[in-house]
Each structure stands twice: as structure tokens, then as C-alpha cells.
Amino acid sequence: MTVHPGFGHQHFLHTTLSKIGRTRGIIDRIKPGCDLEVDGGVDVATAPLAVAAGANVLVAGPAIFNDSERVANGTAAGRSPPLREKHAMQLAMIGLGRMGANMVRRLIKGGHQCVVFDMSPKAVEDLVLAKAVATSTLADLVRMLKKPRAIWLMVPAAVVDKTIADLMPHLESGDIVIDGGNSYYVDDIRRANELASKGINYVDVGTSGGVWGLERGYCMMIGGPEAAVRYLDPIFKTLAPGTGDIAPTPGREETGGTAELGYLNCGVSGAGHFVKMVHNGIEYGLMAAYAEGMNILRHANVGKRQHAIDAETTPLRNRELYQYDFNLRDIAEVWRRGSVIASWLLDLTATALAKDPELTNFAGKVSDSGEGRWTIKAAIDEAVPASVLSTALYERFSSRGEADFSDKLLSAMRYEFGGHLEKSKR
């Protein structure tokens, strides 16, 4: 049972003793132990009364950010049960690309209400079919939200500041802005300080899961004010993969926490995106390792080929050692079964090779979205070696032709000092 006394937030926070008595009277008439939701929020004066009367209080207002610790302490004494937060929540999502749209679908499936906005009307229309609430402007989006408003940005890092600036005239103290994209943690620290001065909570969420997140769930690395992160817990829990069929890590049986569910409060502002930054740096290294290893296997038949015999070609000794025609599809598959290098990335590699062993749809120009660079920058600042991650990043630069000039200059120098001519491309 849920009761809505109908008090506005400001009325409720400045309630008189007689109104407190009225609230308690409402609680006393309901079955002890049922849920009580006070529209607008609970404060330190009224929460203990509600809990003492036998109700489980659903914290649903800005008071949780300012008074959560005192509220919890006020109701923990004696036989009073603890406060707990709402399970079904309302969330706004700005940015309905591949990840943003699927996150909305997962949240709606989990019982939450999602109010959505995107620069593409078609993206909004598609989610209306999934029972999202459509808006056509940011002002309209904010008006549709209950307080405290929770607004999740799933937009490119380059437009986060502009999006926040466009939102700011419509936000109030106690609202929450969540950046779930791949922002630089340094920008998170700045934004959190700027928004905190206006009483607005900023939460940074490094989100991993890609286009598979709708089905598998999203791994989330979170940073920001603890009370705001705690308030959003039902959202994180729905988006996360949960324990699934992954066995518990030996030694963590008594550890507890949310990490084994697939989301973690990593610390203060910027912590979420810092952890995600390093996650992506590691991703670069892992991907490069698989790609380089497969390439060595692919060329293991080099001994069967004809080679030029001239001063510009290193001769291949022991040609008989390189007579293998490996089936990369099958090797990727067998590695998936009990191998020490099995992983989801290897699963995806096997899928790609099964579809097209020659990868004819790809030119091999590999992008980087920033996290690898920022990881190396942090390693330099920390004086920590990161050889594998650095090499993986630089290889991406080379794949896009950024090494072409230096390669040409190498050829030019060889020609100048030794008259060496470039060999024609095959």
C-alpha cells in the first residue's frame, strides 16, 4: 500500500506540529509494515514518526541528499526499521543512440518510467512505441519530471557541456545530472564543482556493454555524491547485468556490495569515468593482442610463398618451419572452450571470423575516442609504465595513415645515405 498525503515539498519540509500529527494519523490508519510514500520527500522530523508507526518509508525527495544521514540515524534506534528507497523510478534520457535507446528499453522493461529527448524525432518516436514518454525540447523534458529530477545524458563527450548549459535554466537545487558517456574525468571534476554551487548533483557513470547491453546488461563504474548515487540505486540495479551465471569470486563470500551485480560506486566525482578510462585503455591492449596473435597465425604459411632475392629483402631462413595454413575461425572457437585467454572479446572475434574469415567489409582504420589517450596521460602523470597500452594506442594512429609521412621519411633517408629504392607495393 502506498499513501500520498498530498503535501507539496516546501509545505512538507516546513510542516507544523499539527500537520505532523495529521501525517502520523494517516500512518496509524494503515497496516503496520506497509509502504508509505510522502509526496515531496521526508525530512528529519517526520521520518522517525513514520517509521515508529510501523511504516517502511520510501525516500523520494531532495531531503535524501541533504539530510540522509540524520534521517537514517533518527530511525535506526530501537525497533524502527531502516529507510529504503523507491524501486520504480522516473528517469529522463537525453541521447537516444545505440546505447541510450537500449538503456531506456531495459529500464522500461524493469518497471521504470523514462522521459526521452533526442535531436532526431525518429529516435524519440521509436521509443514511444516502447512506452517511453516523448518530449520535443529540453524545457519540456524537465517539466515532465517529478522532483528531484534525474536526467541521464548519453551524448558524445564533446557536447556534454553544451547540453548541461542548455538544461541549467530549468533545473533546481536537489536535481541530479548523470553523464553516462565517455567523458574525461577531469571535466567531471569541473562540472561537479560548478553544479554543486547551484545545489545540483552531478554523477559520472562509465558505462560498458555496447549494443549488447539491452540483453546482457551494462557494467557501470560510478562516481559522485554518495547520497545521490544511493538514490539512483534502483536505476543502476535494473541496468546492470546482475550476478547471472558467473560464479562468485573465491574469497569474496563475505565482502558484499554491488560489484558482483555489475555496478560499483568507485568514489567521488570523476572516479567513475577514471575507472572506465583505464577499462578502455585495457580494452585497447586486449584487442591489439588478439589482432596481432591472429595475424601471426594467418602468416604462418609464409614459407610456402615466393620471396624476392635482392639487397632490399631479408631472406627467410628455414622456410620449412612456416608451412601452416591455419583455420582462424576454428582456432578462435577452440580458444573459447576452456582456454586461459577466453573472454567476451574473443567471443566477438570468433563471431566476426565466422561471418567473414577475410574481414572484407573492414578497411582496418581503427578509431580511438579518447580514453586510451587519457589513460596514457594518467600513466605519465603517475610515473607508471604502460607499455602495452601505449603501443596499442599508437598502432591505432598508424592504422589511420598517421604514420605515412614518417614512413616516407624513413624511405627518403635510406635513399639519401645508401641509394636504396622503395620496393613497389604488392
(request) Kindly rank 347-353, 235-241, 399-405, 213-219 from highest to lowest mean number of other beta carbons found within 10 Å of each residue. (result) 235-241, 213-219, 347-353, 399-405
(request) Please turn the phi angles of the stretch 127-143 into ³J(HN,Hα) values with the Karplus equation 6.51 cos²θ - 1.76 cosθ + 1.60 (θ = phi - 60°), one per residue in order, whole Hz, x for glycine and proline. (result) 7, 4, 5, 8, 6, 7, 9, 7, 9, 10, 9, 5, 4, 5, 4, 5, 4
(message) What does DSSP give for the stretch 195-323 in terms of the percent of beta bridges that are antiparallel, rounded to the nearest 5?
(response) 55
(message) Rounded, prolate or oblate for the stretch 319-363? Axes are the square roots of the Cα gyration tensor eigenvalues, ordered a ≥ b ≥ c, and the cut-off for rounded is a/c under 1.5.
(response) oblate
(message) Could you order the peptides 287-298, 192-203 from most to least packed, using the average number of other C-beta atoms within 10 Å per residue?
(response) 192-203, 287-298
(request) Set the Förster distance to 41 Å, then compute FRET efficiency between Leu410 and Tyr324 from the Cβ-Cβ distance, nearest 0.05. (result) 0.85
(request) Please sort 135-141, 119-125, 280-286 by packing, taking for each peptide the average over its residues of neighbouring beta carbons within 10 angstrom, highest first. (result) 280-286, 135-141, 119-125
(request) Run down the lysines and flag those whose C-alpha is under 17 Å from the C-alpha of Lys146, throwing out any fewer than 8 positions away in its chain. (result) Lys86
(request) First select every other residue whose beta carbon is under 12 angstrom from the beta carbon of Glu312; then total the charges, Lys and Arg +1, Asp and Glu -1. (result) 0
(request) Using Cα positions and a limit of under 24 Å, work out the lysines in reach of Lys425, with same-chain residues fewer than 8 apart set aside. (result) Lys304, Lys365, Lys408
(message) If you take every residue apart from Ala342 with its C-beta less than 12 Å away from the C-beta of Ala342, what net charge results, scoring Lys and Arg +1 and Asp and Glu -1?
(response) 0
(request) Any chance you could tell me what percent of the C-alpha pair distances in the stretch 200-311 go past 19 Å? (result) 60
(request) Write down the percent of antiparallel bridges among all DSSP beta bridges whose residues are both part of the stretch 134-221, to the nearest 5. (result) 25
(message) How large is the Rg to Rh ratio of the stretch 178-256 when both quantities use alpha carbon positions and Rh follows Kirkwood?
(response) 1.04
(message) Going through the cross-link list Lys276/Lys377; Lys198/Lys237; Lys162/Lys198; Lys131/Lys162, which pairs have a Cα-Cα distance over 19 Å in this structure?
(response) Lys198/Lys237; Lys131/Lys162
(message) Could you derive backbone 3J(HN,Hα) for the stretch 254-271 from the dihedral phi with the Karplus parameters 6.51, -1.76 and 1.60 (θ = phi - 60°), listing whole Hz in sequence and x where the residue is Gly or Pro?
(response) 9, 6, x, x, 9, 4, 6, 8, x, 8, 8, 7, 7, x, 6, 3, x, 5
(message) Counting only protein heavy atoms and a 1.4 Å probe, tell me what percentage of the stretch 312-361's accessible area is made up of carbon and sulfur.
(response) 53
(request) Mind listing the long-range amide H neighbours of Thr135? Cut-off is under 5 Å, sequence gap 5 or more, other chains count too, H placed in the peptide plane at 1.01 Å from N. (result) Val116
(message) Can you tally the net charge around His273? Count Lys and Arg as +1, Asp and Glu as -1, for every other residue whose Cβ sits under 11 Å from the Cβ of His273.
(response) -3
(request) Using the Karplus curve 6.51 cos²θ - 1.76 cosθ + 1.60 with θ = phi - 60°, work out ³J(HN,Hα) for each residue of the stretch 327-332 in order, rounded to whole Hz, and write x for Gly and Pro. (result) 8, 5, 4, 6, 5, 4
(request) Compute the length gained on full extension between Glu226 and Ala139: take 0.36 nm times their separation in residues and subtract their Cα-Cα distance, giving the result in nm to one decimal. (result) 28.6 nm
(request) Measure of size requested: the Rg and Dmax of the stretch 125-207, with Cα atoms as the atom set and Å as the unit; please supply both. (result) 13.0, 39
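The values are calculated or read from the model by the stated rules, or taken from the named source; none is laboratory data. These figures come from a predicted structure and were not determined experimentally. No Cβ is skipped: glycine too gets one built from the backbone with ideal geometry, and neighbour counts run over all protein chains shown. Keep in mind that these areas ignore ligands, DNA and RNA; they rest on the heavy atoms of the full protein, side chains included. Shrake-Rupley method; radii C 1.70, N 1.55, O 1.52, S 1.80 Å.
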